[in-house]
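Enquirer: Structure below; questions to follow.
What follows is calculated from the coordinates using simple rules that are stated; it is not laboratory data. None of the values given here were measured: they were computed from a predicted structure. Virtual Cβ from ideal backbone geometry, glycine too; neighbours counted across all protein chains shown.
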Amino acid sequence: MWGNIEKADEINQNRLNSWNSYYHGLKSLEINGYIELPIIPKNSIQNAHMFYIKVKDIQERTELIEYLKQQDINVVFHYVPLHSTPAGLKFGRFNGEDIYTTTESEKLIRLPMYYGLLKEDINYVVATIYKYYGL
């Protein structure tokens with residue numbers, strides 16, 4: 001653990017570099033309406049703990065995840081909203097109307113993100129996503 005603390009700036013910079021590579025590599029897919037990319041509010045600092053994309057709907061998410069897995073890219077969908085988990089259904093309640101939470105969560109795909117992720121691996125993920133969209 002102490003080794004990670006001593007290298008915290010290096011680790012964070014490495015992850016930020018990976019995050020930025022994904023962002024810039026996938027930007028034209030967002031511009032052309034295929035996906036949505038994360039938004040970092042102005043005057044905010046992020047730690048690049050994950051990188052996600054949002055696709056059109058749960059069907060496209062399922063198909064893209066399967067396609068990427070066939071290309072040996074391990075991606076996962078994001079978190080299930082707490083109100084729809086077994087414990088949430090039993091012990092919780094949703095306050096108001098679920099207009100966005102479930103729908104938005106069904107669009108999210110988390111791309112590989114970890115310290116030491118190689119640039120060529122990021123390029124492969126990006127290129128494979130472009131191929132999925134026929135580009």
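Enquirer: Do any of LYS27/LYS90; LYS7/LYS42; LYS7/LYS56; LYS56/LYS119; LYS7/LYS90 go past 31 Å between their Cα atoms, and which?
Expert: Over 31 Å apart, Cα to Cα: LYS27/LYS90; LYS7/LYS56; LYS7/LYS90.
Enquirer: Could I have the simple spin-label model distance between TYR115 and THR85, label points 7 Å from Cα toward Cβ, reported in nm to one decimal?
Expert: Label at TYR115, label at THR85, 2.6 nm between them.
Enquirer: Please give the contour-minus-distance gain from TYR133 to ASN17: 0.36 nm per residue of separation, less the Cα-Cα distance, rounded to one decimal in nm.
Expert: Working it through step by step, the gained length comes to 39.3 nm.
Enquirer: Multiplying the sequence separation of GLU63 and ASP98 by 0.36 nm and subtracting their Cα-Cα distance, what value in nm do you get?
Expert: Taking 0.36 nm per residue and subtracting the Cα distance, the gain is 10.1 nm.
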